[in-house]
1. Find the accessible area per residue for segment 98-301; the probe is 1.4 Å, ligands and nucleic acids are left out, and the unit is Å².
2. For segment 115-193, give the magnitude of the charge dipole about the Cα centre (Cβ charges: +1 Lys/Arg, -1 Asp/Glu; no others), in debye to the nearest 20.
3. On a 29 Å Cα-Cα criterion, which of the cross-link pairs Lys203/Lys384; Lys118/Lys384; Lys118/Lys436; Lys281/Lys384; Lys209/Lys250 come out too long?
4. Along its three principal axes, how long is segment 98-301 when you only count alpha carbons? Whole Å, largest extent first please.
5. Full extension from His313 to Ser285: what is 0.36 nm times the residue separation minus their Cα-Cα distance, to one decimal in nm?
6. What's the FRET efficiency of Val207 with Asp278 using the Cβ-Cβ distance as r and R₀ = 22 Å, to the nearest 0.05?
7. Could you tell me the relative contact order of segment 98-301? Use alpha-carbon pairs under 8 Å, at least six residues apart, and round to a whole percent.
8. Would you be so kind as to identify which of Gly256, Leu239, Leu227 lies farthest towards the positive end of the dipole of segment 185-306, taking Lys and Arg as +1 and Asp and Glu as -1 on Cβ and the Cα centre as origin?
Amino acid sequence: MLGRYFADSIIFVLSYVSLTHSLCFVATNKAATMSPSSSLTAASSSSSLWILKPSPAFKSSRFQSIPPSLPPSSPPCFRLLRRAASLPHASATDFDFALHDALESSGIDTSHAREARKGFISQINELSNVERETSISINRRVDLGRTALYIAAEDDSLISHSSVPLPVDAFLERLDDLSLGYCSHYNSLSRSSRENFLESIEKYLYVKKGFRRSSAKNLAEPRALYLHSVLTHRSGSALMLSLIHSEILKMFRLWGLLDFDVEIFFPHDHYGLPRAYDKQKSKESDQPHIMTVQILLEKVLRNLKAAFWPFQHDHVDSLFLRAAHAANCVDDPNGSQESAYQLASAKAAQHRLERGVWTSVRFGDMRRALSACERLILLKTDPKEIRDYSILLYHCGLYQQSLKYLRLYQDAKSPSSSQSRSTNSVSILEEEAVQKLFVRLNLIAMEEDWCQPIYGRNFLGNNSEPW
């Protein structure tokens, strides 16, 4: 018995020395490869600093370098603190977005929303073409957890009008605590094979911590689409669960607990859970289930855009066509058969906008739909996002800005997309609606009252009540 205890003690000491030496070696090499000037530049341009900091033992269960419940055979876990550096000013772009200025002109303070937007821009500015196509399980340049929380912080500020911003750093600590909490489950059985190690992480996340996927019927539920809500309620979309899973793996890699390549299998059905697997054992059929940084951010924002699109009661899949139909920019051969319920819903929606009530249950949210569109445009995805943003501005009465972005869309369209639309019935309807909207906006531009104040007729802030 004494000999076994002595052997376990030796293993513990060796693993401690090995982990500390590995971390110091990585930090030394990284510092050696950077000149003093480049180091200062990297430190000033980064919005998140990773600091390896073993905390005083037994001071607090959240900040212990070696949790009391950690088995002797397990390596120590160091607390990695993400400290937010001062955010750099967002780089100037060619886009002059309307949402924040329109709300400001209505007397609504958007300072917290603007700061969150700057944080989002500071993260996506780190995306190179290579990084956009990098799997989320090996991404290193962009802090996806922080980026998702900046998205949540902006939208929270838009709808709550709170004088206190969403505590991004506090939720990042909660995300890090998930990784730290696993240390008490890290034992010799978990280390027996790679499959057992990854399986133990899944059991910890989905069984011990109780994270679950939202049902298909509640995909549009806002709680499932924002990272801070998923961390609080432990129920969310497959995208949010994939992000949390990838962040845990990232922390384990930094701690030295993960020393092999891992991919996350993203389920495309409505019930599966994201799972990690050994990349060396991947199959050809796994390729469509690999989530890259670009795809993850696009899907997160498009889910928000669809959930808060103001025109929900329409059977058309295209969000643009729903808005175009509400603006009478689509020739509907079945228009005479439109139900009384749809007509009443359309009139009620118009009445709410005129009163300044921009959101209600099951009728979307113009503010969050606009913010999702603006971030998708900044992410440089599909030019159609500019088109969708334009028609939302039209419905807000911001005709000058709507025309500006519609022209930008027409300039950004690729020739291949113009050629392929002839074989796609939905694309034909969309382009016809674009032309009708363009003609209408040009006619409005010729009216005598075109030179009225830019935000004179916006419907975003005439009512101080957020609901």
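The values are calculated or read from the model by the stated rules, or taken from the named source; none is laboratory data. What you see is a predicted model, and the numbers here were worked out from it, not measured in a lab. Cβ placement follows ideal geometry from the backbone for every residue including glycine, while neighbour counts extend to all protein chains displayed. Heads up: the accessible areas ignore ligands, DNA and RNA and are worked out on the full protein's heavy atoms, side chains in. Shrake-Rupley method; radii C 1.70, N 1.55, O 1.52, S 1.80 Å.
1. Details: 8310 Å² over 204 residues.
Computed with neighbouring chains in place, this is 41 Å² per residue.
2. On the way: 8 positive and 12 negative charges, 56 e Å.
Charge dipole, segment 115-193, about its Cα centre: 260 debye, nearest 20.
3. On the way: Lys203/Lys384 41 Å; Lys118/Lys384 23 Å; Lys118/Lys436 35 Å; Lys281/Lys384 38 Å; Lys209/Lys250 18 Å.
Exceeds cut-off: Lys203/Lys384; Lys118/Lys436; Lys281/Lys384.
4. Sorted largest first, the three principal extents are 61, 35, 35 Å.
5. Contour length minus Cα-Cα distance gives 6.4 nm.
6. Working: r = 21 Å, r/R0 = 0.95.
Between Val207 and Asp278 the formula returns 0.60.
7. Relative contact order here is 23 percent.
8. It is Leu227, whose Cα lies furthest towards the positive end.
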